[in-house]
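Working notes, structure below.
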Amino acid sequence: MTSEVTSSQNAEAPIYNNDQKVFVGNLSFSTTDQTLTEEFNKVAKVKDAHVVTRGRRSLGYGFVVFEEDVNVDSAINSLKSLTIGGREINIEAARTIAKTEKVSSRFNARPKKPVNKSKDAYFKENSEEPDNGSRTGPRRFRGASRFARPQRRADAALSDTVIFVSNLPFSVKDEDLKELFKDFKIAEARVAVRTLFNKSTRSKGFGFVTFESHEEQTRALDNFAANPISINDRQLTLKRSFELLLVQ
């Protein structure tokens, strides 16, 4: 069994099962049902002619149904070079479609977008501790930071090799921080970052620079105290860091 698709909203050629029906494309927008009937009647007897429209505007194609005694293939061959309204038409037999087949249309339902997980679901999956209701403090999550979270002991002393750099623009990366201290002997320069839900990272606006010796640390602090440095109109703040205990 076949079905006929007649939706005028489908900009593609609708598909019909009538053997006497032809599809006519590349019509000028001024072409009407009457114009189509008159032009095709010059070649073969027309039973019906219809220009597909959306509202009052032609969509540039239509359909013609010939009388039963008309040889459609012969009519198509005779009309292939026909020009209507200054445009050479495109004519072909209307196609048929089984009822169980899908009709191609830009109005067909699109695939659903994947649903983003809620924050609660994300936290539950990434929690390092079971949710048994016994925890009252804040949770910790896998991948929440590039480094293990540092905590300062109550009796922590100032570091002899590490300085804390704050007020960094969010665009500053590790290599940029290293470049600032290229005139000093440093072992490491790292910008603290946080990992976002989409797995990208974002600077926290501060970082740490580790020097090879206490003398180099002191020299750097004295140098920047005498010659403050700014990046993107933000003056950096440098000071000795406290010894940090990494929480594993």
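All of the numbers you see were taken from the coordinates with simple rules; none came from a lab. Keep in mind the model is a prediction, meaning the values are calculated, not measured. Using ideal geometry, Cβ is built from the backbone for each residue, glycine included, and neighbour counts are taken over all protein chains shown.
Show log10 I(q)/I(0) for segment 49-90 at q = 0.20, 0.25 Å⁻¹, two decimals, from a solvent-free Debye sum over equal Cα scatterers. Per q value, in the given order, log10 I(q)/I(0) is -0.76, -0.99.
Taking label points 7 Å from Cα along the Cα-to-Cβ direction, residue 221 and residue 196 give a separation of 3.6 nm.
Charge dipole (Cα centre; +1 on Lys/Arg Cβ, -1 on Asp/Glu Cβ; no other charges) of segment 145-246 amounts to roughly 660 debye. If I model segment 174-235 as equal point scatterers sitting on the Cα atoms and use the Debye formula, what is log10 I(q)/I(0) at q = 0.17, 0.21, 0.26 Å⁻¹? Values returned for q = 0.17, 0.21, 0.26 Å⁻¹ are -0.66, -0.91, -1.19. The GluC sites (Glu not before Pro) of segment 38-85 that DSSP puts in a loop, and whose beta carbon has at most 10 other beta carbons within 10 Å, are 68.
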